Amino acid sequence: MRSADQSTVALSAAPPPAQAAPAPAVRSTIARDGAHMAWALPWLFGRRKAQQIRVGIDTALLALSVLVAQAGVPDAAAAGARLSLLFPPLALTILMAKGHYRRMVYASAIDDLGRILGATSLAAIALIAAAALVQPSAMPASVIARAWLVGSSSVALGQVAFLYARRRLHARGLTSRRTLIVGAGVIGADVERRINHHPELGIDLVGYLDFEPQREIDSRQAPILGQPTDLRQVATEMGVEHVVMAYASCPDRMLVPLLGECESLGLEVSLVPRLFERVNLRTSVDQIGGLPVYGLRFVNPKGWQFTVKHLIDRVGAVLALAALAPLMLSIAVAVKLTSPGPVLFRQRRVGRDGRDFEILKFRSMRIDAEAPAAGSLVLAPGSAPGGVEGIDRRTRLGAFLRSTSLDELPQLINVARGDMSLVGPRPERPEFVGPFARYVRRYSDRNRVKSGITGWAQVNGLRGQTSLSDRIQADNYYIENWSLLLDVKILVLTAAALLQRSE
């Protein structure tokens with residue numbers, strides 16, 4: 001995985017070859033089809049109809065899985081085949097109960113796949129158990145197992161295809177939701193910045209509403225369309241479907257009526273909570289005498305959960321080193337034969353609790369050229385160091401190793417030693433830690449856990465010379481929402497990212 005010490009390279013693409021203009025009749029057909037597509041795609045993917053369509057498709061796929069499972073079933077298992085007819089409605093009911101079909105701003109394919117597998121597995125187990133209690137001679141296990149296998153696979157593939165298509169359409173602006181932000185302050189501007197950085201979310205920001213907006217915020221680009229009391233008029237005129245409640249320049253009691261207004265207009269509402277930087281996935285809604293309160297629950301980086309994580313890390317690293325030994329030996333020989341110098345590159349990095357350690361990589365640079373001093377590096381404002389710094393000193397083999405992230409493999413030794421984890425924030429050089437800690441908010445919080453070979457920031461594209469503040473927020477998000485399941489998710493995303501060449 002390309003880490004925080006490496007940058008992306010901007011490639012200038014050649015213009016596409018010129019093509020002959022289509023004939024008038026063809027142009028008319030294209031325009032007509034494009035108009036139909038522009039009307040149909042938002043209806044299919046961008047609105048509430050999409051959820052109904054997903055339910056319909058999943059119902060058809062689960063019903064088809066039962067037909068496939070029943071094909072060739074002998075008469076002795078006919079009762080089991082009849083029982084398998086309950087599999088589609090039971091699986092769909094569980095999926096609905098888990099909130100699988102609710103509309104979300106961000107949907108993760110991995111999270112959805114886990115939810116689908118859990119729901120179909122629970123439905124299959126429940127049917128087999130019910131048959132064993134009520135009709136022991138039915139022998140439904142084989143039929144239901146086949147229905148489960150075909151149904152889980154088909155629904156999962158359908159969900160991946162749906163999310164892929166929707167994100168592509170969102171990124172092209174074909175199915176975006178027109179959105180208002182209530183609150184034109186620093187938080188509202190930060191919401192706008194994130195919307196602009198993630199077009200795949202399908203949010204088309206039309207502007208802000210606020211009573212007394214702050215005037216000097218450089219990152220705020222969308223216009224201020226009025227005050228919160230103008231919500232109904234602005235939403236009607238601009239075709240707004242979605243409202244984000246950020247921090248407005250007025251007491252919250254003045255904003256409460258706006259939620260009723262949104263409800264009456266049928267608008268979706270997203271709320272940026274107070275203390276959002278410490279709200280995590282473990283947050284629950286509790287009550288004190290009928291007053292709703294958030295229950296915040298934190299993971300202790302020095303608790304038993306992380307002890308288990310570190311044990312799994314070290315065992316996994318040892319097993320990976322054993323499995324990858326032939327590959328690593330081949331790379332080591334290739335590095336030695338193709339350029340003079342040591343096989344391994346060693347560099348001091350800062351890890352957990354600010355302790356230094358020596359990180360290991362396969363050497364990818366020539367040693368006959370001087371590396372730039374840390375103080376001489378010129379970084380874009382707000383960006384982190386990394387990537388090819390100064391003169392490109394990569395060897396031909398080194399460029400390949402870095403583009404495939406094979407140069408990172410020796411860090412498995414760091415993990416086996418206990419210096420690093422498989423998953424965690426990427427470690428930084430000591431000379432940068434002090435300055436970053438002084439001007440980047442919550443920078444030092446990332447050092448609560450061991451550094452990782454890959455991390456949440458990296459799988460979300462924050463590699464190389466990208467926004468330092470965004471990377472720190474991603475690192476702290478990982479720590480505050482940590483679980484073994486999240487580690488598995490990041491490793492899966494890392495494996496997928498390795499299929500794409502970088503730098």
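The values are calculated or read from the model by the stated rules, or taken from the named source; none is laboratory data. All values reported here derive from a predicted model rather than from experimental measurement. We place every Cβ from the backbone using ideal geometry, glycine too, and count neighbours over all the protein chains shown.
Residue-wise test of (1) of a type in the set (S, T, N, Q); (2) buried (at least 19 other Cβ atoms within 10 Å of the Cβ); (3) at positive phi.
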{"residue": "ARG393", "(1), (2), (3)": "no, no, no"}
{"residue": "SER403", "(1), (2), (3)": "yes, no, no"}
{"residue": "GLN411", "(1), (2), (3)": "yes, yes, no"}
{"residue": "GLY418", "(1), (2), (3)": "no, no, yes"}
{"residue": "VAL449", "(1), (2), (3)": "no, yes, no"}
{"residue": "LEU462", "(1), (2), (3)": "no, yes, no"}
{"residue": "ILE472", "(1), (2), (3)": "no, yes, no"}
With LEU113, LEU122, LEU90, LEU127 as the choices, which residue is in contact (Cβ under 8 Å) with a residue 40 or more places away in the chain, over 20 Å from ARG166 (Cβ atoms), surrounded by 14 or more Cβ atoms within 10 Å (Cβ to Cβ) and touching a helix residue (DSSP H, G or I) at 6+ places or on another chain (Cβ under 6 Å)?
LEU127
For segment 256-300, list the strands (runs of 3 or more DSSP E) that sit wholly inside it and hold at least 2 residues that are within 19 Å of PRO228 (Cα to Cα); which are they?
268-271
Which pairs turn up if I take residues in segment 428-446 that are touching a residue at least 12 places away in the same chain (Cβ under 8 Å) and part of a helix (DSSP H, G or I) and look for partners that are surrounded by fewer than 14 Cβ atoms within 10 Å (Cβ to Cβ) and of a type in the set (Lys, Arg) with beta carbon separation below 8 Å, at least 6 apart in sequence or on another chain?
PRO430/ARG348
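Can you tell me which residue in segment 216-255 is surrounded by the fewest Cβ atoms within 10 Å (Cβ to Cβ), limited to those that are of a type outside the set (Val, Ile, Thr), touching a residue at least 60 places away in the same chain (Cβ under 8 Å) and in a loop (DSSP other than H, G, I, E, B)?
To start, the set of residues in segment 216-255 that are of a type outside the set (Val, Ile, Thr) comprises 216, 218-223, 225-228, 230-233, 235, 237-239, 241-242, 245-255.
Keeping just the survivors that are touching a residue at least 60 places away in the same chain (Cβ under 8 Å) gives 238-239, 241-242, 245-249, 255.
Okay, now just the ones that are also in a loop (DSSP other than H, G, I, E, B), so 239, 241, 246-249, 255.
On the way: GLY239: 10, GLU241: 20, ALA246: 22, TYR247: 19, ALA248: 25, SER249: 14, LEU255: 17.
Checking each candidate, the answer is GLY239.
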Checking the conditions here, which among ASP313, ASP286 is touching a residue at least 60 places away in the same chain (Cβ under 8 Å) and farther than 30 Å from ASN196 by Cβ?
ASP313
Going through segment 447-469 in order, the residues found to be in a helix (DSSP H, G or I) and touching a residue at least 40 places away in the same chain (Cβ under 8 Å) are ASN447, ARG448, ALA457, GLN458, VAL459, LEU468, SER469
What is the one condition in (1) more than 18 Å from VAL308 (Cα to Cα); (2) surrounded by 16 or more Cβ atoms within 10 Å (Cβ to Cβ); (3) of a type outside the set (Ser, Thr, Tyr) that ALA495 does not satisfy?
(2)
Per the list (1) assigned to a helix (DSSP H, G or I); (2) more than 30 Å from ARG471 (Cβ to Cβ); (3) out of contact with any helix residue (DSSP H, G or I) (no Cβ under 9 Å at 6 or more places or on another chain), residue check on PHE306 breaks on (2)
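This table checks each residue for (1) surrounded by 15 or more Cβ atoms within 10 Å (Cβ to Cβ); (2) free of Cβ contacts under 8 Å to residues at least 40 places away in the same chain.
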residue	(1), (2)
VAL143	yes, no
ARG146	yes, no
LEU157	no, yes
ARG166	yes, no
THR175	yes, no
GLY183	yes, no
ILE187	yes, no
GLU192	yes, yes
ILE203	yes, no
Taking segment 267-286 only, how many residues are of a type outside the set (Val, Ile, Thr) and within 19 Å of the chain's Cα centre (by Cα)?
7
Going through (1) assigned to a helix (DSSP H, G or I); (2) at pLDDT below 90 one by one, ILE479 fails only at (2)
Number of positions in segment 272-294 that are under 22 Å from ARG177 (Cα atoms) and surrounded by 13 or more Cβ atoms within 10 Å (Cβ to Cβ):
1
